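To start, the structure under review is shown below, and the notes come after it.
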Amino acid sequence: MKRRDTLKAISVASLGMAVGPVEAAVPEPPDTKPAVKLLPGRQKFEAERDAKLLASEKFFTPAELQTVTILGDIIIPADAKSGSASQAGVPAFIDFMMRDQPRSQTPMRGGLRWLDTKCVSRYGNLFAKCTKEQQIDMVEQIAYPGKKVPSDLTQGVAFFTMMRNFVMGGFYTSKMGIDDLGYVGNTPNKWEGVPEDVLKQYGLSYDEPKK
Amino acid sequence: MDLFQIKKAPTVYDAIVVGSGAGGGMAAYMLTKAGAKVLLLEAGGYFDPADPKYMTQLKWPYESPRRGASTTRAGGDFDAAWGGWEIEGEPYSSKPGGDFFWFRSRMLGGRTNHWGRISMRFGPDDFRRKTLSGIGDDWPITYDDMKPFYDRVDKLIGVFGSVENMHNEPDGHFLPPPKPRLHELMLKKAATGIGIPVIPSRLSILTQPINKERGQCFYCRQCNRGCSAYADFSSSSVLCIPAVKTGNLTLQNNAMVREVLTDAKTGLATGVSYVDTISMQEMSVYAKTVILGASTCESARLLLNSKSARFPNGLANSSGVVGKYLNDSTGASRSGFVPALMDRKRYNEDGVGGMHVFTPWWLDNSKLDFPRGYHIEYGGGMGMPGYGFGGGIENLNGKIPGRDGKMKPAGGYGAGLKDDMRRFYGAYVSMSGRGEPIPLESNYCEIDPNTVDKYGIPTLRFHYKWSDNEIKQAKHMQDTFEQIIEAMGGMPMGNKPGKEQNYGLAAPGRIIHEVGTVRMGNDPGKSALNKFQQAHDVKNLFVVDAAPFVTQGDKNVTWTILAASMRTSEYLIDQVKKKNI
C-alpha cells in the first residue's frame with residue numbers, strides 16, 4: 001500500500017465508518033453482551049485466551065472494587081487538566097490485569113485485606129467506610145517508600161507502591177491520561193526535525209560545526 | 001486419521017527453502033525471480049502487515065485489554081513477533097550454569113517482522129579478526145567478496161544513513177536519514193564533546209519511495225508492529241510476498257520441518273519431511289536442492305536431527321562442528337534522567353522506529369583490556385505511553401526539586417504526582433551497548449538426549465557461558481554510559497551494575513543476535529560449509545541464515561544475512577547452469 005493510500009484508509013477509519021448507515025439504523029438487540037473486540041493479529045491461542053478472559057468473572061469483590069476505586073482516585077484525582085483514575089476506567093483495567101497475570105492476585109487481595117485490618121484497628125472501620133480524613137491519614141503512612149516507617153507498616157508501603165504503579169500504568173495508557181501528558185503522535189505525519197523555537201530554546205542547531 | 005501415514009508429494013521442486021526470515025526469504029526471492037520452482041516452508045502462520053486483520057500499527061494502548069503488556073508475547077501485545085523465548089509445546093533446555101534463551105518467531109517473515117531494522121554492513125576488519133588480533137577466527141571470505149551484494153541489497157531493500165568514510169563502518173547506497181530528535185541532538189553534543197562519535201543510524205526504512213510496490217515512511221515509530229505501507233524491511237512484505245507473485249513460489253505455512261532427507265547411495269539431499277502443525281499430517285517433499293534458513297539454532301537442530309547410516313552425526317557434520325561456536329551479541333544498558341528536558345514543549349517526535357543516531361565503535365582494542373568492540377543505540381523522547389508507564393516513579397520524584405524548588409519525599413499521590421508526570425514526560429534517555437563476543441567452541445547447542453517437542457522432534461540443549469572478554473566489554477559499556485549521561489547534565493538512573501551482576505551483561509540469547517552454529521570455512525575438518533555456505537559433505541545443501549557466520553562483528557547481522565543469502569543464491573544458480581549441481 002502506498003503512503004497516500006494508507007493516509008486515506010486511516011482517515012476513513014478514524015471517522016468511525018466501520019458501521020455503515022444501514023446497520024447503524026437497526027437498534028441493538030436488547031440484553032446481549034457486546035461482542036468482544038480483539039486486537040488484530042492475534043494468534044489462535046491468544047484470541048481464545050483473550051475472549052475467555054474478557055468474558056470471565058471479575059476478580060474484585062464489590063467491596064474490594066470500592067476500595068480500589070477510592071485508592072485509585074486518591075493516587076490520581078481529577079484536577080484542572082484531567083479526570084481521575086476511576087473516570088479513566090482504571091479499576092476495570094486493574095481487574096483485568098489480575099485475571100491476565102494471576103501472580104499479582106495474592107499481593108493485591110492480601111494488600112487490600114491488610115489495609116482493611118489496619119484501618120479497623122486504627123479507626124474502627126474498613127478503609128472504604130473510614131472518613132476521607134482517616135483515609136488520607138492512612139495513605140500518608142504508606143505512600144512514601146523512602147521514609148522510615150514503623151515495622152508494622154512496611155508491607156503497607158510495598159502494597160501502596162504496587163497500587164500506585166498499577167494506577168499510573170492504567171491512567172496514562174487511557175485516552176484521558178495520554179491527553180493529559182500531551183502525547184500527540186501515533187498518527188501519519190512527516191518528521192521534519194525539532195521545531196525551530198525548541199532548537200532555539202535549547203541552544204541547538206542542525207548545522208554541523210565547521211570541521 | 002492415520003498419523004503414521006506419511007504423504008509424499010509428487011512434485012520435485014528445483015529447491016526447497018526452510019524458513020521465511022531474512023535468509024530464507026532472500027533465497028526464495030532470488031531463485032523464483034530467476035525462474036526456479038521453489039517450495040518455501042514456514043513453521044508459523046501467514047502474515048502480511050498490510051492486511052488489516054494483522055495490523056496493530058497505529059493502535060492505541062487502550063485498544064489492548066492489557067494495555068500492551070507482554071503476557072502472551074515477549075514484545076507486548078502490539079509487537080509483530082508471534083512467539084518469543086517460550087513457545088508452548090516447543091521446549092529447549094540448558095546445561096546447569098550454561099543458560100541460553102532462544103527467541104523464535106513462528107510466522108511468515110520470522111523475526112524480521114519485529115526487529116529494529118538496524119542495517120549495518122560488516123567492515124573489512126570484521127572478516128579477519130584473527131589476523132588482526134590473534135584471537136578468534138577469520139572468515140573464508142572478505143569484505144570485497146561481500147561488497148557487491150551489500151550494494152545490491154541496499155538498492156533492492158533500501159536503507160538510510162550517511163556517508164562517513166569510516167574504515168570499518170563501510171558506507172552504502174543510503175536514503176536520507178531522518179533528522180535527530182531533541183534528546184538525540186543533546187546526546188550527540190554531549191558525547192562528541194567527550195570524544196565519542198554520534199552519527200545518523202542506518203536503518204532499512206524508506207525515507208523516500210524506492211519502487212511502486214512499497215510506500216514511504218509516515219513516521220509512527222512502530223516498525224516492530226509491521227508496516228502497512230511496506231516502508232520498512234520485513235522478509236514477509238519485501239521478499240516472500242513478491243516471490244509468491246512471480247508464480248514460481250509455493251508457500252507452505254504451518255510446516256514444521258523434522259529432518260532433511262538424503263539418498264543413501266549418493267549422499268545428496270532429496271528433500272525434507274515436515275509435520276503440518278494444524279492437521280498433524282506428516283509430509284515428505286522433494287527437491288533438487290535444499291536450502292536451510294530456519295535460524296541459527298533451528299538450522300543446526302535440523303542438521304543434527306537428520307541422522308542416517310551414512311551421516312551418523314547428523315547431516316553436514318563430518319567435522320563435528322555443527323552446533324558449536326554459538327554466539328549472541330553482548331548487551332548492556334542504562335538510562336538517565338535529563339533535568340534540562342523537564343516541562344518540554346509538546347510536539348510529535350515519533351520519527352522512525354528506533355533511534356535516529358547511534359555510536360559506532362570508536363576505540364582501538366589493542367589499547368583496552370578486552371578484544372572486541374561495541375556500538376551504542378540510543379532511546380528516549382516523548383514516546384507513546386505503554387504498559388507500565390509511570391511505574392517506579394518513586395525512584396525518581398524524590399530526587400528532583402518541585403516547582404517551588406523544594407525537595408519532597410519519594411512516591412506520594414495526588415495532584416502533585418500528576419504534576420510530576422507532566423514535568424518528567426520525555427525527559428529520559430536510554431542507551432544500549434551491542435558488542436562482539438569471541439565465538440567459543442565451548443558455547444554450543446546439541447540435541448537433548450531426553451526431550452522432544454509436541455511434534456516428537458528432538459529438542460535442543462544449550463551450553464553457553466560468557467568469558468572475561470565479554471564481561472570486561474560490558475564494564476566498559478557501563479562506564480561509557482555514565483560518562484555520556486553525566487556529560488549531558490543527566491542523572492544515571494538505578495544502580496550501576498557491578499562485578500557481581502557481570503556489569504549488566506545480558507544473558508546469552510537475550511539480544512536475539514545469535515550466529516555461528518553451522519560455520520563456514522575453507523577446512524572441511526573444521527567447518528560445515530564452504531565459502532558459499534554450501535555443505536562440504538552434501539553439495540546440494542546450503543544454509544542461508546546466520547548459522548554460517550564465523551563472527552558477528554559489533555554489527556547487527558541482518559544485512560549480512562541478506563547479502564550472504566543473495567550471494568549463495570547466485571552461486572547456486574550458476575552451479576546449476578554449469579551442471580555442477
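Considering every residue within the stretch B:376-392, establish whether at least one is more than 9 Å from every other protein chain (Cβ to nearest Cβ), modelled with pLDDT of 95 or more and either open to solvent by less than 10 Å² (accessible area, probe 1.4 Å) or farther than 22 Å from B:ARG334 by Cα (or both). Yes - at least one qualifying residue is present in the stretch B:376-392. If the condition is being more than 7 Å from every other protein chain (Cβ to nearest Cβ) and open to solvent by 10 Å² or more (accessible area, probe 1.4 Å), then the stretch B:58-78 contributes B:GLY68, B:SER70, B:ALA74, B:GLY75, B:PHE78. Applying the criterion of being within 28 Å of B:TYR230 (Cα to Cα) and open to solvent by 30 Å² or more (accessible area, probe 1.4 Å) to the residues of the stretch A:176-188, the residue that is farthest from the other protein chains (Cβ to nearest Cβ) is A:THR187. Scanning the stretch B:393-407 for residues that are in a loop (DSSP other than H, G, I, E, B) and crowded, with 16+ Cβ neighbours inside 10 Å gives B:LEU396, B:ASN397, B:GLY398, B:ILE400. Exactly one residue among B:ASN502, B:ASN580 is among the polar types (S, T, N, Q), surrounded by fewer than 24 Cβ atoms within 10 Å (Cβ to Cβ), free of Cβ contacts under 8 Å to residues at least 60 places away in the same chain and outside the structural domain of B:MET26 (by TED's automatic domain parsing), and that residue is B:ASN502.
Considering each of B:PRO91, B:PRO140 in turn, give the residue that is open to solvent by 10 Å² or more (accessible area, probe 1.4 Å), in contact (Cβ under 8 Å) with a residue 12 or more places away in the chain and in the same structural domain as B:GLU570 (by TED's automatic domain parsing).
Working: B:PRO91 fails: in the same structural domain as B:GLU570 (by TED's automatic domain parsing).
Answer to the selection: B:PRO140.
Consider B:PHE149 carefully, then state whether it is modelled with pLDDT of 95 or more, under 27 Å from B:PRO49 (Cβ atoms) and open to solvent by 10 Å² or more (accessible area, probe 1.4 Å). Break it down stepwise before answering.
Numbers: modelled with pLDDT of 95 or more: yes; under 27 Å from B:PRO49 (Cβ atoms): yes; open to solvent by 10 Å² or more (accessible area, probe 1.4 Å): yes.
In short, yes.
One residue stands out among those in the stretch B:321-377 that are assigned to a loop (DSSP other than H, G, I, E, B) and polar (S, T, N, Q): the one that is nearest to B:HIS536 (Cα to Cα), which is B:SER329. Entry remark, the stretch B:298-320: residues being crowded, with 24+ Cβ neighbours inside 10 Å and of a type in the set (A, V, I, L, M, F, W, C) number 5 in total. Being open to solvent by less than 60 Å² (accessible area, probe 1.4 Å) and among the charged types (D, E, K, R) is a description that does not apply to A:ARG109. From B:ILE512, B:ILE573, B:ILE561, B:ILE581, which residue is modelled with pLDDT of 95 or more, among the aliphatic types (A, V, I, L, M) and not in a helix (DSSP H, G or I)? Testing whether each residue is modelled with pLDDT of 95 or more, among the aliphatic types (A, V, I, L, M) and not in a helix (DSSP H, G or I) leaves just B:ILE512. Just one residue in the set B:ASP154, B:ASP145, B:ASP171 is in contact with a helix residue (DSSP H, G or I) (Cβ under 8 Å, 6 or more places away or on another chain), more than 13 Å from chain A (Cβ to nearest Cβ) and not hydroxyl-bearing (Ser, Thr, Tyr); that residue is B:ASP145. For the stretch B:273-311, what are the residues that are assigned to a strand (DSSP E or B) and under 20 Å from the mean Cα position of the chain (by Cα)? Residues satisfying the conditions are B:ILE291, B:LEU292. Looking across the stretch B:323-356, just one residue is of a type in the set (Phe, Trp, Tyr), open to solvent by 10 Å² or more (accessible area, probe 1.4 Å) and over 23 Å from the mean Cα position of the chain (by Cα), and that is B:TYR347.
B:PRO178 passes every criterion in (1) part of a loop (DSSP other than H, G, I, E, B); (2) within 12 Å of chain A (Cβ to nearest Cβ); (3) open to solvent by 50 Å² or more (accessible area, probe 1.4 Å) apart from (3).
The helices (runs of 4 or more DSSP H) located wholly in the stretch A:76-163 that include 2 or more residues which are over 26 Å from A:ASP180 (Cα atoms), in contact with a Phe, Trp or Tyr (Cβ under 7 Å, 6 or more places away or on another chain) and in contact (Cβ under 8 Å) with a residue 40 or more places away in the chain occupy A:105-123.
Checking each residue of the stretch B:30-53 against the condition of being free of Cβ contacts under 8 Å to residues at least 40 places away in the same chain, farther than 22 Å from B:ASP350 by Cβ, in contact with a strand residue (DSSP E or B) (Cβ under 9 Å, 6 or more places away or on another chain) and surrounded by fewer than 24 Cβ atoms within 10 Å (Cβ to Cβ) gives no match.
The values are calculated or read from the model by the stated rules, or taken from the named source; none is laboratory data. Computed from a predicted model, the values in this text were never measured in an experiment. All Cβ positions, glycine included, derive from the backbone under ideal geometry; neighbour counts span all protein chains shown. Areas reflect the complete protein model, heavy atoms only, side chains present, ligands, DNA and RNA absent. Shrake-Rupley method; radii C 1.70, N 1.55, O 1.52, S 1.80 Å.
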